[in-house]
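The values are calculated or read from the model by the stated rules, or taken from the named source; none is laboratory data. Here the structure is a predicted model, which means the values were calculated and not measured. Here Cβ is always computed from backbone atoms with ideal geometry, including for glycine, and neighbour counts include all displayed protein chains.
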Amino acid sequence: MELGDEDREAFFDRGLLHLERLIPRHRVLAAKEAIVSELTRLGALVSGKWHVARVPRRFGHHVELESVFEPALLACLGELAGRVLRPALPHPQVLLTPPQGGAWSVPHQGWHVDLASPATDGISGIQVFALIDDVAPRGGGTVAVAGSHALHHTKVGARSGVHHALRADPVAAALFSAEGQERRTTLLAPFSVGGVTLQVVEMSGRAGDVYLMDMRVIHAAATNTTKKARMMLTQRYLPPGRG
Ligand SMILES: O=C(O)CCC(=O)C(=O)O
């Protein structure tokens, strides 16, 4: 697949790009089957019922999971980064959240980046999130603060770090506090910190969709309030010699 100008612009502006139906259906189905059979074998999913304590922290190696990250997808990463990127982990990681109930909100903890703040402005890595099943809004999809990659290189971000810059802003501070009834509405709409437009985005969509995330983007795990498990795969890609 080829990226269009709009895709490139979206990725560079927001640090996050949603590509719909990128992964061929047969690969997604094979990956889902591999995950479900491992869950069944471990007794974590029996006749449609979840035994959460038996959900593994890490899944075994399955060729069906590897093959989701096919050459067409890797070519997109190289194109965006302007250089070859290599997988940081030997195998993709399964992100699985059984139904948790309760009410969904923008997380107020767990915000992080997986790389040290880069000294120079430029892509230091891309994380791929592949949806292996449909993920409805509020269904546990990872949440990201789109635009936050650019905060690292603003005056306030470079001086005291991105977390500090966000905590010091009256709107963005709601990312770190459960209080305030309006926080969900405010954070899911665009807001500005240090001249950079930010917005909390939930990675929801259909099976086969992919989100590409600049690894400078701050992100967090979210609650799955639906009745269906959240099933995603992730892999981080870095320039050779990093990670
Ligand atoms: O959605 C999740 O479970 C969290 C994913 C995450 O934070 C990561 O892969 O770095």
Given the criteria in contact (Cβ under 8 Å) with a residue 24 or more places away in the chain, of a type in the set (S, T, N, Q) and closer than 15 Å to Val113 by Cβ, does Thr225 qualify?
no
Kindly indicate whether Gly241 is more than 16 Å from the ligand (Cβ to nearest atom), assigned to a loop (DSSP other than H, G, I, E, B) and touching a residue at least 60 places away in the same chain (Cβ under 8 Å).
no
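Every residue, every condition in (1) of a type outside the set (Phe, Trp, Tyr); (2) assigned to a strand (DSSP E or B); (3) touching a residue at least 60 places away in the same chain (Cβ under 8 Å); (4) farther than 27 Å from Thr185 by Cα, yes or no:
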residue: Asp114; (1), (2), (3), (4): yes, no, yes, no
residue: Pro118; (1), (2), (3), (4): yes, no, yes, yes
residue: Val128; (1), (2), (3), (4): yes, yes, yes, no
residue: Asp133; (1), (2), (3), (4): yes, no, yes, no
residue: Gly141; (1), (2), (3), (4): yes, no, yes, no
residue: His152; (1), (2), (3), (4): yes, no, yes, no
Checking Ser67, Ser47 in turn, the sole residue that is under 30 Å from Thr226 (Cβ atoms) and surrounded by 14 or more Cβ atoms within 10 Å (Cβ to Cβ) turns out to be Ser67
For segment 97-109, check the following and say yes or no: at least one residue is of a type in the set (Phe, Trp, Tyr), in contact (Cβ under 8 Å) with a residue 24 or more places away in the chain and surrounded by 17 or more Cβ atoms within 10 Å (Cβ to Cβ).
yes
Residues of segment 211-228 being in a loop (DSSP other than H, G, I, E, B), within 10 Å of the ligand (Cβ to nearest atom) and touching a Pro at 6+ places or on another chain (Cβ under 6 Å), which ones?
Ala222
Step by step: first the residues of segment 85-101, then only those that are under 23 Å from Pro240 (Cα atoms) and in contact with a strand residue (DSSP E or B) (Cβ under 9 Å, 6 or more places away or on another chain), then the one that is nearest to the ligand (Cβ to nearest atom). Which residue is that?
Gln93
In segment 181-204, the residues that are buried (at least 21 other Cβ atoms within 10 Å of the Cβ) and away from the ligand (no atom under 13 Å from the Cβ)
Leu187, Val193, Leu198, Val200
Does at least one position in segment 182-200 carry a residue that is assigned to a loop (DSSP other than H, G, I, E, B), within 22 Å of Ala150 (Cβ to Cβ), in contact with a strand residue (DSSP E or B) (Cβ under 6 Å, 6 or more places away or on another chain) and at pLDDT 95 or above?
yes
Name, by its number, the condition in (1) away from the ligand (no atom under 16 Å from the Cβ); (2) closer than 25 Å to His91 by Cβ; (3) hydrophobic (A, V, I, L, M, F, W, C) that does not hold for Met232.
(1)
Of everything in segment 127-146, what is crowded, with 23+ Cβ neighbours inside 10 Å and farther than 19 Å from Gly110 by Cβ? Give them in sequence order.
Val128, Ala130, Leu131, Ile132
Given (1) touching a residue at least 60 places away in the same chain (Cβ under 8 Å); (2) away from the ligand (no atom under 14 Å from the Cβ); (3) under 20 Å from the mean Cα position of the chain (by Cα), where does Leu166 come up short, assuming only one miss?
(1)
With the structure loaded, tell me whether Ala44 is out of contact with any Leu (no Cβ under 6 Å at 6 or more places or on another chain) and of a type in the set (A, V, I, L, M) or whether it fails that test.
yes
Would you be able to tell me the number of residues in segment 114-127 that are near the ligand (Cβ under 10 Å from one of its atoms) and at pLDDT 95 or above?
1
